[in-house]
Amino acid sequence: MTLNGHFAEVFYMSYKYVVLGAGRQGVAIAYDLAKFCEANSIVLADKDLKIAQRGTERIGSLLQTSIATAKTADAADPRELTKLFLGANSVISAVPYYFNLELAKSAIEAKANFCDLGGNTGIVLRELKLDKEAKKAGVTVVPDTGLMPGLGNTLAVYAINKLETTDEIHIYCGGLPQNPRPPLNYKLVFSIEGLLNEYFGTAYVLRYGKVKEIPTFSELEEIEFDPPVGKCEAFVTSGGTSTCPWTFEGKIKEYDYKTVRYPGHYDKIKALLDLGFLDSKPLKVKDAEIKPRDFTCILLSQNINFPEDHDLVVLRIVARGMFKSRAVEIKMNIIDYHDENTGFSAMERTTGFPAAIVAYHLAQGLAPKGAVPLEKAIEPMRFLEDFKKRGIFFKEEMNQVLI
């Protein structure tokens, strides 16, 4: 085909996507879908139409395309959402985790595949109970498809598949400021609700091959990454392992996840936890009732946002087991940085792009029908082939270890 005497490239795009939530991650997801995922159309929907419009304008400017359109949508209105989802090949939720169960139901009713950024294991387990309904509708529901839970667990399955037998999986992940500022040496890189959800509650892990509940903010350890990150601290938080402890129960002895922060962060947040600043039970303050956690959310949002500061993300997977009759350790590392060219943060890239890849695979029919855990739904080698196209690479090494 020629246009004004010049050859023009022809694109055959065939999938319709709906992204619910036009915040940090939602725009990154929509951008990735537009660039890599054979999109015919993308609806970027948000309760605030102006926010959605800003997102579509940004995507249009970056990619010189009008493929993304903005719409108004309320995540708490299932009837309207079902109408919005009709005709979509894949729906991606980039709204707070507590909406995801009802959103999955709306997607199933609309006969659209669905994935989300998850982060709350209790809600994820309820989503997976929609298996019969999803199969009947001929669609796939996959929770927890961002960074952690998400990318790290897919890399863990990649390592498990490489080993003949696997004894241990340990995952470490953190979104960090490139230049840490006091008092927490941290900047807000995703929603405050999601952050506090990870910090507060119970974590599920494998110990001696059995699923075990352990408290968050436990098992503190020191960990070191390549420069410029250096020494950090890591501790147990909730949600990161997602459904993997149940999937691999009896097959792997240990499977756990820890959040990575710069030194000193742990003690300060632990003090807030111990003092009740993250409690959800209302307290009477003069003539009003207030939840300490809500108050803390407001204060943290105001004081650790630092929107002009650039971030980085570290992700490490350590897998131990047998390979060619030798005891080995596989170590995979990612360090990603804020992208100056697109303006996307490292957290947006490493959370939004993996979710978009999963949505793309669902649209292609590459996952089994039903409500399926990520580690059973997505083929890791195919995922990694797509992931590397995003310019986010990981280092992998295997070393023999003494038993």
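The values are calculated or read from the model by the stated rules, or taken from the named source; none is laboratory data. Since we're looking at a predicted model, the values are computed, not measured. Quick reminder, even Gly has a Cβ in these numbers, built from the backbone with ideal geometry, and neighbours come from all protein chains shown. Accessible surface is based on the protein model in full, side chains and every heavy atom, while ligands, DNA and RNA are left aside. Shrake-Rupley method; radii C 1.70, N 1.55, O 1.52, S 1.80 Å.
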Qualifying positions in the stretch 257-312 - aliphatic (A, V, I, L, M), in contact (Cβ under 8 Å) with a residue 12 or more places away in the chain and part of a helix (DSSP H, G or I):
ILE269, LEU272, LEU273, LEU300
Of LYS251, LYS284, which residue is within 24 Å of LEU128 (Cα to Cα) and surrounded by fewer than 16 Cβ atoms within 10 Å (Cβ to Cβ)?
LYS251
Would the stretch 259-267 turn up any residue that is modelled with pLDDT under 90 and out of contact with any strand residue (DSSP E or B) (no Cβ under 7 Å at 6 or more places or on another chain)?
no
Output the residues belonging to the stretch 92-106 that are β-branched (Val, Ile, Thr), open to solvent by 10 Å² or more (accessible area, probe 1.4 Å) and either touching a helix residue (DSSP H, G or I) at 6+ places or on another chain (Cβ under 7 Å) or not in a loop (DSSP other than H, G, I, E, B) (or both).
none
Which of the residues belonging to the stretch 28-78 are small (Gly, Ala, Ser), in contact with a strand residue (DSSP E or B) (Cβ under 9 Å, 6 or more places away or on another chain) and closer than 19 Å to ALA88 by Cβ?
ALA30, ALA34, ALA39, SER41, ALA45, ALA52, GLY55, ALA68, ALA70, ALA73, ALA75
List the number of the failed condition for ALA52; all other conditions in (1) open to solvent by less than 50 Å² (accessible area, probe 1.4 Å); (2) of a type in the set (A, V, I, L, M, F, W, C); (3) assigned to a helix (DSSP H, G or I); (4) touching a Gly at 6+ places or on another chain (Cβ under 8 Å) hold.
(4)
Selection from the stretch 172-183 of residues in contact (Cβ under 8 Å) with a residue 12 or more places away in the chain and open to solvent by 10 Å² or more (accessible area, probe 1.4 Å) yields TYR172, GLN178, ASN179, PRO180, ARG181, PRO183
How about the stretch 61-91: which of its residues are open to solvent by 10 Å² or more (accessible area, probe 1.4 Å) and either in contact with a Ser or Thr (Cβ under 7 Å, 6 or more places away or on another chain) or basic (Lys, Arg) (or both)?
LEU62, ILE67, ALA68, THR69, ALA70, LYS71, PRO78, ARG79, THR82, LYS83
Filtering the stretch 373-403 for residues that are touching a Cys at 6+ places or on another chain (Cβ under 9 Å) and either free of Cβ contacts under 8 Å to residues at least 60 places away in the same chain or of a type in the set (Lys, Arg) (or both) leaves a count of 0
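Matching residues to (1) out of contact with any strand residue (DSSP E or B) (no Cβ under 7 Å at 6 or more places or on another chain); (2) assigned to a strand (DSSP E or B):
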site: LEU188; (1), (2): yes, no
site: ALA203; (1), (2): no, yes
site: LEU206; (1), (2): no, yes
site: VAL211; (1), (2): no, yes
site: PRO227; (1), (2): yes, no
site: GLU233; (1), (2): no, yes
site: THR241; (1), (2): no, no
Condition first: of a type in the set (Gly, Ala, Ser) and either at pLDDT 85 or above or open to solvent by 50 Å² or more (accessible area, probe 1.4 Å) (or both). Now tell me which residues in the stretch 287-317 satisfy that.
ALA288
Any chance the stretch 222-240 includes a residue that's open to solvent by less than 30 Å² (accessible area, probe 1.4 Å), over 28 Å from ASP294 (Cα atoms) and in contact with a Ser or Thr (Cβ under 6 Å, 6 or more places away or on another chain)?
no
Out of everything in the stretch 1-22 that is at pLDDT below 95 and touching a strand residue (DSSP E or B) at 6+ places or on another chain (Cβ under 8 Å), what residue ends up being most open to solvent (accessible area, probe 1.4 Å)?
MET1
Surrounded by fewer than 16 Cβ atoms within 10 Å (Cβ to Cβ) and under 24 Å from LEU63 (Cα atoms) - does that describe any residue in the stretch 318-330?
no
I'd like the residue in the stretch 154-171 that is open to solvent by less than 30 Å² (accessible area, probe 1.4 Å) and in a strand (DSSP E or B) and, out of all such residues, is farthest from MET332 (Cα to Cα).
THR166
Considering only residues of the stretch 189-216 that are modelled with pLDDT of 90 or more and open to solvent by less than 30 Å² (accessible area, probe 1.4 Å), which is farthest from ASP279 (Cα to Cα)?
GLY209
